[in-house]
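Taken together, the values in this text are just the output of simple stated rules run on the coordinates, not laboratory data. Every value quoted in this text rests on a predicted model; they were computed, and no experiment measured them. No Cβ is skipped: glycine too gets one built from the backbone with ideal geometry, and neighbour counts run over all protein chains shown.
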Amino acid sequence: LNTVVAYYYYVRVLKNLYLVRTETSREKIQVSFGNVIIVLLLLIPVFVFGVYFTPIVNLAKNSAAILGF
């Protein structure tokens, strides 16, 4: 019973999200230049840790070994 209620709820949310048009859904979102810079600066560590994960872990292990951990 709980699954049926949850399914109904989430299908209704998805329907309203993708199928219902409102007046505000046609407006273009304005993003300030500062917000764009912040997002780009935060994307750099995401890509560095995602692409070069193994060298960073090795660097951390070597640093911990030097410190005696």
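Decide, for the stretch 1-43, between rounded, prolate and oblate: order the square roots of the alpha carbon gyration tensor eigenvalues as a ≥ b ≥ c, take rounded if a/c falls under 1.5, and otherwise choose prolate if a/b is larger than b/c, else oblate. Verdict is oblate for the stretch 1-43. Determine, from the Cβ-Cβ distance of L19 and Y52 and an R0 of 30 Å, the FRET efficiency 1/(1 + (r/R0)^6), rounded to the nearest 0.05. In this case the efficiency is close to 0.10.
Seen against the Cα atoms of the chain and their longest principal axis, helix 2-18 is set at about 90 degrees.
Which angle between 0 and 90 degrees, to the nearest 10, do you get for helix 33-51 versus the longest principal axis of the chain when only C-alpha atoms count? Roughly 60 degrees between the two axes. Could you state the angle between the C-alpha long axis of helix 53-67 and the longest principal axis of the C-alpha atoms of the chain, as a value from 0 to 90 degrees rounded to the nearest 10? Roughly 40 degrees, rounded to the nearest 10.
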